[in-house]
Amino acid sequence: RSEIAPRSHAELVLPMADALLAEAGIGPGALDAIAVSRGPGTFPDIRLAVSLAQGMALALDLPVITISSLAALALEAPEEDDAAILAVIDARMGEIYAACYRRDDNGGLIALDEERVATADTLQLPEASAWQVVGSGWATYASVLSQRLTGTLDSADGLGYPQAAHVAELALREFKAGRMQAPELALPVYLRDKVALTLVEQGRA
């Protein structure tokens, strides 16, 4: 299930999960793990997602699998084996969350660098002959980011968002590899500890 619903996630997510289980014809007792996008992203959304995952996992006595929202976002890019993928989310306050990937032979992802928060004009990217860019960071900073790419731009989608289906797809790989954790150890990843600019930083003081 996927829906863009600002400030309505808390009301929608559990009924959506119930509807999904009903459609699949299974109950909560048939689940083996709870997967969640652990960030980076907006602070309230990350906290809500991880809290809900922890609550469901504790109630059902299940492990949790945390997945990077940037990795899930990268799977929104077209499937081209030879292109590097830049997943980039508008972090507000003049910054972006970014990470680079390449698809492996099995449709998964190979990380080419670390997740980070940076300004678009200081973003350091690995060398690649071709690029695909996906995420809201492109919608905001396309002109700047295009200058940071070292190769050709094969595709760009500034409207892409991390999708639950891709979180589940990546989580299944982690589950098969035995990489799970207790609910209380599933933590959000913010990449920064600041959520707003001061009046001075905004130039309003």
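The values are calculated or read from the model by the stated rules, or taken from the named source; none is laboratory data. Computed from a prediction, not measured in an experiment: that's the story for all the values here. Here the Cβ is made from the backbone with ideal geometry for all residues, glycine too, and neighbour counts use every protein chain on show. Please note that ligands, DNA and RNA were not included when accessible areas were found on the heavy atoms of the full protein model with its side chains. Shrake-Rupley method; radii C 1.70, N 1.55, O 1.52, S 1.80 Å.
Using a ≥ b ≥ c from the Cα gyration tensor of the stretch 1-80 (square roots of the eigenvalues), is it rounded, prolate or oblate, where a/c under 1.5 gives rounded and otherwise the larger of a/b and b/c decides, a/b for prolate?
Numbers: a/c = 1.44, a/b = 1.33, b/c = 1.08.
Rounded, because the longest to shortest axis ratio a/c is under 1.5.
Given the options 27, 135, 107, state which has the largest fluctuation in a GNM of the chain using a 10 Å cut-off (strictly under) for Cα springs. The residue that fluctuates most here is 27.
For the chain, the share of accessible area belonging to carbon and sulfur comes to 55 percent (1.4 Å probe, ligands and nucleic acids excluded). The antiparallel fraction among DSSP beta bridges confined to the stretch 74-205 stands at about 60%. Directionally averaged projected area (the chain, Cα convex hull): 12.6 nm².
Could you tell me which of rounded, prolate or oblate describes the stretch 32-121, using a ≥ b ≥ c as the square roots of the eigenvalues of the alpha-carbon gyration tensor, with rounded for a/c under 1.5 and, failing that, prolate when a/b is larger than b/c and oblate otherwise?
Values: a/c = 3.19, a/b = 1.33, b/c = 2.39.
Oblate is the answer for the stretch 32-121, as a/c is 1.5 or above yet b/c matches or exceeds a/b.
Note on residue 59 and residue 174: the model spin-label points, each 7 Å out from Cα along the C-beta direction, lie 2.1 nm apart.
What is the extension gain from residue 119 to residue 2, computed as 0.36 nm multiplied by their sequence separation minus the C-alpha to C-alpha distance, in nm to one decimal?
Values: separation 117, 0.36 × 117 = 42.12 nm, distance 2.90 nm.
Length gained, residue 119 through residue 2: 39.2 nm.
Between the beta carbons of residue 93 and residue 165, assuming R0 = 45 Å, the FRET efficiency works out to 0.90 to the nearest 0.05.
Each of residue 111 and residue 11 was given a label point 7 Å from its Cα along the Cα-to-Cβ line. The distance between the two points is 3.7 nm. Please work out the Cα center distance from the stretch 107-175 to the stretch 35-63, rounded to the nearest Å. First find each Cα centre; the distance between them is then 23 Å. The label point for residue 127 and the one for residue 187, both projected 7 Å from the Cα toward the Cβ, are 3.6 nm apart.
Return the single residue from 150, 66, 119 with maximal mean-square fluctuation; model: Gaussian network over the chain, springs between Cα atoms under 10 Å. With Cα springs under 10 Å in the chain, the top fluctuation among 150, 66, 119 is at 150.
Tell me, what is the per residue accessible area of the stretch 37-97 in Å², probe radius 1.4 Å? Accessible area per residue: 38 Å².
Per the Debye formula on identical point scatterers at the alpha carbon atoms of the stretch 34-75, with no solvent, log10 I(q)/I(0) at q = 0.26, 0.27 Å⁻¹ is -0.84, -0.88.
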